[in-house]
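What follows is calculated from the coordinates using simple rules that are stated; it is not laboratory data. All values derive from a computational prediction rather than experimental measurement. Cβ atoms come from the backbone with ideal geometry, glycine included; neighbour counts cover every protein chain shown.
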Amino acid sequence: MNILLTGGTGYIGSHTAVVLSQAGHEVVLLDNFCNSSPSVLERLEKILGKALPCIEADVRETDVVEKVLREYKIDAVIHFAGLKAVSESVANPVLYYANNVQGSISLLQAMQEVDVKTLVFSSSATVYGEPQYLPYDEDHPTKPMNPYGQSKLQVEEILRDLAASDSKWRITSLRYFNPVGAHESGLIGEEPNGIPNNLMPYVVKVASGELPHLNIFGDDYETLDGTGERDYIHVMDLAEGHMAALHFQNVNAGSNVVNLGTGKSSGVLEIVKAFENITGKVIPLQFAPRRAGDLPIYFAQTGLAKEQLHWVAKRNLIEMCESSWKFQELQGHVKGESEN
Ligand SMILES: NC(=O)c1ccc[n+]([C@@H]2O[C@H](COP(=O)([O-])OP(=O)(O)OC[C@H]3O[C@@H](n4cnc5c(N)ncnc54)[C@H](O)[C@@H]3O)[C@@H](O)[C@H]2O)c1
């Protein structure tokens, strides 16, 4: 298949590009590089032994997207392009709705124009909000607690209406849990611009000496180690989940929503311990009060992904930590090694 990945040079997009390309698909990337670097393209070329076409554009440039869909005879689109920082979305909701919702509408307009009607959408477990029960299954009520989550839910709703309007659409919204880790080569991984918002890149930067300590917000939750627990999923498992969704769509029309998680949750201290064991480094910790809006614990019901997509997450916490660290080391960020 010829597959367009919007946001394809970002964290999850680049790993999915590897999985799809190695499975024999023709992959085309489109990105405006607002949260990624063009250097990802060289690193992808190293992994794949060939260059992937990449168009520098904003997904809101409908005409450009339309042209790309035609030129590369695209069969399916995976829509990763979006902004993802919860706190930024609270501070600047218009930015998030403009990028995530307007961006998706622009993409759908282009796809409709060219009659490309197969789409996988990057949604998030954030759409569920406060758990009424756990694990979250796909029927759990949705009540996002911030504009970021709201933007994802709005797009899911647009996609549901679209599929109901035209039976040719094949759409899967994948609700990701907490992606971590990196490709086994260490060449690509999570590279946030500035101070990381997510736990794993933050831990990595503390371990490498770039940041002084890890803040832990709340150690008095009713969880095993008192810290917040999340369902961390290896980014390569997640990438494989996208290919599974495309295969499912090949034989199933309509719109679908599926969780991608492991079904297990881990606390911050568990991650820190695993990291310290792997790197042999001590991660200085600083405990701080709970943050408003943080949930104590959540994790995925994974049955639907298994049943429909024939997909389960295979990689464990050690592999998540090891690959994150390898990526960090290869990027040459590890301080102090040469001085010691
Ligand atoms: N990483 C997570 O924790 C997580 C969890 C749930 C859902 N998601 C969703 O998955 C998708 C990919 O996430 P990621 O972690 O790879 O993030 P990322 O920031 O690494 O990748 C997103 C990519 O999209 C590009 N982009 C953003 N807006 C664009 C636009 N308007 N036009 C063109 N390109 C644009 C960015 O430059 C970046 O390369 C996002 O939609 C995100 O909301 C991520």
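For this structure, a couple of remarks:
- Radius 14 Å from Cβ of residue 249, net charge of other residues (Lys, Arg +1; Asp, Glu -1): +2
- Selection from 4, 194, 321 lying farthest towards where the dipole of the chain points positive, charges on Cβ: 4
- Mean residue ellipticity (222 nm) of the chain, computed from DSSP H runs ≥ 4 via -39,500 (n - 2.57), nearest 500: -11000 deg cm²/dmol
- For residue 316 and residue 250, the difference between the fully extended length at 0.36 nm per residue and the C-alpha to C-alpha distance is 20.8 nm.
- Each label was represented as a point 7 Å from its Cα along the Cα-to-Cβ direction; for residue 22 and residue 288 these points are 3.7 nm apart.
- Ordered by the number of other Cβ atoms lying within 10 Å of each residue's own Cβ, fewest first, 221, 232 fall into the sequence 221, 232.
- Between region 138-185 and region 17-84, the alpha-carbon centres lie 20 Å apart.
- Selected from 95, 223, 303, residue furthest toward positive end of dipole (the chain; charges at beta carbon): 303
- Only Lys, Arg (+1) and Asp, Glu (-1) charged, at Cβ; region 244-340 dipole about Cα centre in debye: 240 debye
- Test item: Cα-centred dipole of region 172-271, Lys/Arg +1 and Asp/Glu -1 on Cβ, debye: 360 debye
- In this rough spin-label picture, where each label sits 7 Å from Cα along the Cβ direction, the residue 277-residue 34 distance is 4.0 nm.
- Going from the fewest other Cβ atoms within 10 Å to the most, the residues 264, 152, 67, 50 appear in the order 50, 67, 264, 152.
- Each other residue within a Cβ distance under 11 Å of residue 321 adds +1 if Lys or Arg and -1 if Asp or Glu, for a net charge of -1.
- Between residue 70 and residue 112, the contour length at 0.36 nm per residue exceeds the Cα-Cα span by 13.9 nm.
- Directionally averaged shadow of the chain, computed from the convex hull of its alpha-carbon atoms, nm²: 16.4 nm²
- Counting neighbouring Cβ atoms within 10 Å and putting the fewest first, the residues 97, 176 line up as 97, 176.
- Net charge dipole size for region 137-222 [Lys, Arg +1 and Asp, Glu -1 on Cβ; Debye, nearest 20]: 340 debye
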